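Below is one structure; the comments refer to it alone.
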Amino acid sequence: MANLYILPDSWLIALTLWTFLSLAAESFLVYYQSPLPSFQNTRQRLVEGAQLLVLLLIFDLLHDGMDGHSTGVTMMTYHEALRTVLVVLTSALFLYGGKEDKRNYILSAASFLILPFLDSILPLNLMLMLLICNVREAILISQSYRQYHEGLTSLAIEEAINKMPEGIFLTREGGEPVLINNAMKQYMADILGKNVANGRLFWEEIGKRGEIFEEKDEIICRLEDGRIIRFTREPFITPTGFGWQITAADITELEQMNRQLYEKNEALRKQNEKMKDLLDILVPLESREALRTIRFKIHDMMGQRISCLQQILNNRDYKNYGSIGRMLSRLLEDMEKEIKVKPDLILTELLGTYESLGIRFHIKGKLPEGAKGSLFVEILREAAVNAIIHGKADEITVTFEEENHYAMTVTDNGTGSSGPLKEGGGLSSIRTRVEKEKGTMAYTTGCPFILKVTIPEKDNLSS
C-alpha cells in the first residue's frame, strides 16, 4: 500500500475517477443486458457481479491510499485477509462463467493482481486490472447493441407494443394484469378518468359507459370530443392457463366513412329507383307515339282510297270494275309500306324522352334511312339503358359513319368497367341483332365505355 501513499494527488484522483467511470460503465452494462436472453443465464449474472466486486475492491484500495496520503501516515490495511477471500471468490466466479465464455478465464487469472502480496507493484496492477475490465465492458456493450438491433428481446417487444396506436390489455382468467400498453392506459384515462388494473373490472366499467354488443363481445364508447372507441375481448390459451385479450381502437374515421358510404348508397338506390320508374314509362310513351303516327297514316290512306272509290261509283260510265278489286287488294300492301315509322322520328322521340330525364345526348353524323336506321335506333335504345343503369352515365355521344359500311359508335361518361366484362342481356341482345345482319360489335371497357357497331352496306336487312 506504500506506493499509493506516495503517489501525487493528481494520480490518485485520476485513478479514482477511472475506477468510478468503470463502475458506472459496468452498472450500465448490467442494466443494458438485463432484457437480453443471454443475460437470463445465471452464470452470466454471477460473472457481472464478480466484476462489480473487483471494481469495488479497487475503489476501496484507492480510498485507503487517499486517506493515508491526506494524513501522511503509512497505514497497513487491516482487512487484507478479507480482500484475499474476496479475490479468490471473484476468481472462482469468473472461472465458473468460463464455461459460457472462455474470455472469463482471463478475468479469473487477472483478479489475482489485486491480492495483498502484489501491493508492492501498486498502482500498475490496478491499472492493468482496470484496463482488462474496460476492454471487456466495451466488447460486451458492442455485442449487446447488435443483439438489440438484430435480435428480438423482451424490451424490444415491450417497446413495439407501447408504440402501437391500438390499446392492448392482456389479463389472466380472473382479470389479473399480464401486459398493458400506453395506448390502453390513455383510453382508460379518457373514458374512466383512471387506470383500472383488473381486466374483468375494466370490462365491466367501460360496459357501463358504452354500447354493448354481446354477440361480438364488443363495446362501443362515444367520447365527448367526438371520438368513437371500440373495445373487443377475445380469449386466448397459454401453457400457463386461460386468459383474455382486450383490444381498443379509435374507429372515428371508419365510422364517418361508413356513414358517408351508407348515405351515398341510399342516394344511389333512390336515384336508381326513380330512373327505373322513368324508364318503365319510356316504352309505352314511344309506343303511343308510334301508334299515333300509324293512325294518321291509315286515316290518310283510307281517306284517299274511299275518295277514289266514291268517284268511281259516282261515274256511271266507268266500266273497269276489276280495277276496283285490285285497288282494294293493294290497300293492305300500301298500308304495310306506308305505316312504317321513319327511324329519325323514333330517334327524335327517344332523345327527347331521355333529355327530359336529365340525360344529355350529342349526335354526330347522320342516321341511315330505312331498316339500317331502325336497327341503329334499337341498338342505341339498348345501349343507352345499359349506360344509364349500369354505368350511371348522364351524357352520351352517338357518332354515325357511312363509308363502305354503316357504323355507329356510342360513348358514355359513366363509371365503365374495371375488369373483364360479362355480356348480360343488353349487350348479348345487341350482338345477336348485329351478327344476324353479318355485322360486328366491339367495345372497350374502362372510362369512358365505348360501343361500336358496324353493318355491311346492303339494301335489304332481315326482318
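Miscellaneous remarks
- Contour excess over end-to-end distance, with Cα ends at residue 115 and residue 256 and 0.36 nm allotted per residue: 43.2 nm
- For a paramagnetic label modelled on residue 240 (point 7 Å from Cα along Cα→Cβ), amide N atoms under 13 Å away belong, within segment 171-190, to 171-180.
- Net length gained if the chain between residue 16 and residue 417 were fully extended (0.36 nm per residue, minus Cα distance): 136.3 nm
- Backbone N within segment 183-209 under 18 Å of label point (7 Å from residue 159 Cα along the Cβ vector): 183
- 32 Å Cα-Cα threshold exceeded, pairs from 208/270; 366/436; 163/208: 208/270
- A simple count of charges around residue 169, restricted to other residues whose Cβ falls under 13 Å of its Cβ and scoring Lys, Arg +1 and Asp, Glu -1, yields 0.
- Rounded if a/c under 1.5, otherwise prolate or oblate - segment 342-463, Cα gyration tensor axes: oblate
- Net charge of Cβ neighbours under 10 Å - reference residue 393; Lys, Arg +1; Asp, Glu -1: -1
- The calculated FRET efficiency for the pair residue 435 and residue 212, based on their C-beta separation and a Förster distance of 45 Å, comes to about 0.15.
- Neighbour-limited loop hits for trypsin sites (Lys or Arg not before Pro), segment 157-197 (at most 15 other Cβ within 10 Å; DSSP other than H, G, I, E, B): 194
We did not get these values from a lab; they are worked out from the coordinates using the rules stated. Source: prediction; values computed, not measured. So basically every Cβ, Gly included, is an ideal-geometry build from the backbone, and we count neighbours across all protein chains shown.
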